[in-house]
Amino acid sequence: MKPVLWLVFVLTVATFASAEIAPANLNIVPRPVSVRYSTGVFILTHRTRIVATDAESRRIAGLFNEFLLDQHGMRLKFATGTSAGENVISFRQQRNRELPPEGYRLSIGPKGIRVTGRAAGLFYGLQTLTQLLPLGPQSSITLPSLEITDYPRFAYRGSLLDVARHFVSVTYLKKYIDLLAQYKIDTFHWHLTDDQG
């Protein structure tokens with residue numbers, strides 16, 4: 001083999017060997033600003049504990065626990081203290097201004113999951129975490145090791161629901177608002193009536 005071809009071959013192999021391979025099923029809407037993958041997985045089971053120290057973090061962690069119970073039949077226990085060892089999911093409100101108010105950082109590693117951000121960012125981090133979970137009840141859930149840093153690119157993100165001529169039930173309306181929150185839409189436009197309706 002000619003030296004030039006050999007060099008191209010070696011560089012190509014080195015590039016693919018050092019590239020971070022994204023899991024095929026990583027579907028997060030909207031796409032995060034930054035995703036970095038690492039080796040290993042986190043296994044979420046009934047033995048996983050939740051750590052949340054302040055009131056807002058506990059509220060967000062409670063929403064996550066309700067989601068797990070509703071979608072996967074799991075209810076996790078809260079750990080006391082700030083460090084509960086390994087196999088924990090930590091929600092922590094960040095006081096510094098490193099990220100915008102709706103920004104968050106989600107870190108998943110073999111020992112645990114950590115969601116940090118200010119109040120709104122913590123909520124959006126929770127929504128991203130729920131999008132990473134598979135559908136349907138399972139006895140354990142395997143998540144890839146990664147770190148996501150995200151914040152909205154647009155301050156105003158809205159969706160319109162027109163009920164002036166197309167009536168919807170209260171149940172539908174609640175589900176619609178839940179879906180808006182899941183996809184990080186921050187404004188709900190509600191068209192109630194118009195002059196012809």
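The values are calculated or read from the model by the stated rules, or taken from the named source; none is laboratory data. On a predicted model such as this, the values are computed, not experimentally measured, just so you know. Reconstructed Cβ throughout: ideal geometry from the backbone, glycine too, with neighbour counts over all protein chains shown.
Tabulated data for the structure shown
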quantity	calculated
Where a residue in segment 181-194 is of a type in the set (Lys, Arg) and its partner, wherever it lies, is part of a loop (DSSP other than H, G, I, E, B), with Cβ under 9 Å and at least six apart	Lys184/Val29; Lys184/Pro30; Lys184/Glu102; Lys184/Pro152; Lys184/Arg157
Members of segment 68-99 found to be buried (at least 17 other Cβ atoms within 10 Å of the Cβ) and of a type outside the set (S, T, N, Q), listed by number	Leu68, His72, Met74, Leu76, Ala79, Ala84, Val88, Ile89, Phe91, Arg92, Leu99
Segment 138-180, subset without any contact (Cβ under 8 Å) to a residue 60 or more places away in the chain and among the basic types (Lys, Arg), residue nearest to Arg118 (Cα to Cα)	Arg157
Among residues of segment 157-189, those that are more than 20 Å from the chain's Cα centre (by Cα) and either in a loop (DSSP other than H, G, I, E, B) or loosely packed, with under 13 Cβ neighbours inside 10 Å (or both), counted	13
Filter pass, Ser139 being of a type in the set (Ser, Thr, Tyr) and in a loop (DSSP other than H, G, I, E, B)	yes
Selection within segment 106-126 - surrounded by 18 or more Cβ atoms within 10 Å (Cβ to Cβ), more than 19 Å from Thr48 (Cα to Cα) and in contact with a helix residue (DSSP H, G or I) (Cβ under 7 Å, 6 or more places away or on another chain)	Gly117, Leu122, Phe123
Checking Ala79 against (1) farther than 16 Å from Ala181 by Cβ; (2) at pLDDT 95 or above, the condition it does not meet	(2)
